[in-house]
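**Student:** Once you've had a glance at the structure underneath, I'll fire off some questions.
Computed from the coordinates by the stated procedures, all read-outs in this text should not be read as laboratory data. Predicted, not measured: the structure shown is a model, and the values here were computed from it. Quick reminder, even Gly has a Cβ in these numbers, built from the backbone with ideal geometry, and neighbours come from all protein chains shown.
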Amino acid sequence: MPQNLQDTTTLHNGVKMPWFGLGVFKVQEGSEVVESVKAALKNGYKSIDTAAVYGNEEGVGQAIKEAGVPREELFITTKVWNADQGYETTLQAFETSMDKLGLDYLDLYLIHWPVAGKYKETWKALEKLYKDGRVRAIGVSNFHVHHLKDLMADAEIKPMVNQVEYHPHLAQTEILQFCKAEGIQMEAWSPLKQGELLSEPTIVEIAEKHGKSPAQVILRWDLQNEVVTIPKSIKEHRIIQNADIFDFELTAEDMGVLNGLNKDERIGPDPDNFDF
Ligand SMILES: NC(=O)c1ccc[n+]([C@@H]2O[C@H](COP(=O)([O-])OP(=O)(O)OC[C@H]3O[C@@H](n4cnc5c(N)ncnc54)[C@H](OP(=O)(O)O)[C@@H]3O)[C@@H](O)[C@H]2O)c1
């Protein structure tokens, strides 16, 4: 189990990735994203998850510069958007993201969604970026097991990470088991179901028992299930609270109860049925 906010999981290529980070989906470009990322870095976060489509890579880059944390201590993730998928277009999209972020290497580059007929060519571009040393690890997002198997059938390099929607209402048991068996690190997006799970009575009850908040219980559940987690908040007190989950442990019974909340219910689209 990770013992603190800086603890890392080791990806299958040996690169160390923090178990915990800040997500910046729907965080506005400009002062909102700059202040959120700086608040996270000031409070010990090392990992930031953005994407080209979030439109805030410049602000993330500005915050990284202003925070003054040594680059090698940070773990920065961005993602290639669907419209840019394909070999040459992905290579170009990567350079655009790097210019916006103001970085000379990236820690993790992800295929944002499995665009049918495109993701294999996109993956070839990620493999090239990896082999050229532009990015330390490459992975995918929103890949079901069948997408992963299809990709891996032709891939030279196995994805190091699969970032998927994951929270107590969407336990993703099949993907989690497959990823664990293949040495692919699973990462949770919308771990708090964008806030919807915070008033779930069962979670509130477990939180009260431990003297913790519902958000902290959910994020601890991620870590005890060996899933990397990247909750989003633009409020410093929540950024601090969300990461304060290393001083308690959910019991086997708590874990069973939380696992039992699964309803296969999503807040986002199903990767087999998205139209963007
Ligand atoms: N790969 C993908 O397709 C994909 C899709 C979606 C998201 N993501 C990534 O995953 C990250 C997290 O997911 P998300 O942003 O969708 O949702 P989330 O982290 O599940 O929830 C964020 C929401 O919860 C609130 N919140 C955060 N901490 C809280 C706390 N301690 N108490 C009460 N409310 C709290 C936030 O409000 P405030 O900001 O007002 O605090 C915000 O409204 C994203 O930011 C993004 O980096 C990836």
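**Student:** Per residue, how much space in cubic angstrom lies within the convex hull of the C-alpha atoms of the range 234-276? It would help to have the intermediate numbers written out before the result.
**Tutor:** On the way: hull volume 5.8 nm³, N = 43.
Hull volume over Cα atoms, normalised by residue count, gives 134 Å³.
**Student:** In percent, how large is the relative contact order of the range 12-151, given Cα pairs closer than 8 Å and 6 or more residues apart? Before the final figure, lay out each step's value.
**Tutor:** Working: 225 pairs, mean separation 29.2, N = 140.
Relative contact order comes out at 21 percent.
**Student:** Relative contact order for the chain using alpha-carbon pairs under 8 Å, separation at least 6, rounded to a whole percent? List each step's numbers first, then the result.
**Tutor:** Numbers: 494 pairs, mean separation 51.9, N = 276.
Result for the chain is 19 percent.
**Student:** Using a Förster distance of 30 Å, how high is the FRET efficiency between residue 156 and residue 267, based on the Cβ-Cβ distance and rounded to 0.05? Walk me through the numbers on the way to the answer.
**Tutor:** Values: r = 34 Å, r/R0 = 1.14.
Efficiency for this residue pair is about 0.30.
**Student:** Measure up 149/180; 100/120; 38/65; 131/158; 120/193; 124/193 against 21 Å on the Cα-Cα distance and list the ones that go over. Working shown, then result.
**Tutor:** On the way: 149/180 14 Å; 100/120 26 Å; 38/65 9 Å; 131/158 13 Å; 120/193 30 Å; 124/193 32 Å.
Beyond 21 Å: 100/120; 120/193; 124/193.
**Student:** Return P(r) of the range 1-74 (all Cα-Cα pairs; 5 Å bins starting at 0; whole %; ordered from short to long distances).
**Tutor:** 3, 17, 26, 23, 17, 11, 3, 0
**Student:** From the P(r) of the chain, can you give the percent of Cα pairs sitting at distances over 29 Å? Working shown, then result.
**Tutor:** On the way: 10515 of 37950 pairs.
Percentage above 29 Å: 28.
**Student:** Let me ask another. What net charge do the residues around residue 152 carry, taking every other residue with its C-beta under 13 Å from that of residue 152, with Lys and Arg at +1 and Asp and Glu at -1?
**Tutor:** Values: positive: 120, 149, 158; negative: 127, 150, 154, 156, 182.
With Lys, Arg at +1 and Asp, Glu at -1, the net is -2.
**Student:** Of all beta bridges DSSP finds with both residues in the chain, what is the antiparallel percent, to the nearest 5? Walk me through the numbers before you get to the answer.
**Tutor:** Numbers: 4 of 28 bridges.
Just about 15 percent of them are antiparallel.
**Student:** Put a dot 7 Å past each Cα toward the Cβ at residue 244 and residue 66; how far apart are the dots in nm?
**Tutor:** Distance between the two pseudo-spin positions: 2.5 nm.
**Student:** Can I ask one more? Work out from phi, with θ = phi - 60° and the Karplus expression 6.51 cos²θ - 1.76 cosθ + 1.60, the ³J(HN,Hα) of each residue of the range 59-64, listed in order in whole Hz, and give x for Gly and Pro.
**Tutor:** Running phi through 6.51 cos²θ - 1.76 cosθ + 1.60 with θ = phi - 60° gives x, 4, x, 4, 4, 4 Hz.
**Student:** A follow-up question, please. Where the convex hull is taken over the Cα atoms of the range 118-276, what is its projected area averaged over directions, in nm²? Write down the numbers at each step before the final one.
**Tutor:** Working: hull surface 42.5 nm².
Approximately 10.6 nm², given one-decimal rounding.
**Student:** Only counting other Cβ atoms within 10 Å, I'd like 9, 251, 229 sorted with the fewest neighbours first.
**Tutor:** Numbers: 9 18, 251 12, 229 28.
With the fewest neighbours first, 9, 251, 229 line up as 251, 9, 229.
**Student:** Cβ neighbours within 10 Å, averaged per peptide: list 166-172, 104-110, 269-275 in order, most packed at the top. Mind dumping the intermediate values first?
**Tutor:** On the way: 166-172: 22.1, 104-110: 20.0, 269-275: 11.0.
The packing order, highest mean first, is 166-172, 104-110, 269-275.
**Student:** Dividing the Cα convex hull volume of the range 19-140 by residue count, how many Å³ per residue is that?
**Tutor:** Details: hull volume 11.2 nm³, N = 122.
Cα-based convex hull of the range 19-140, divided per residue, equals 91 Å³.
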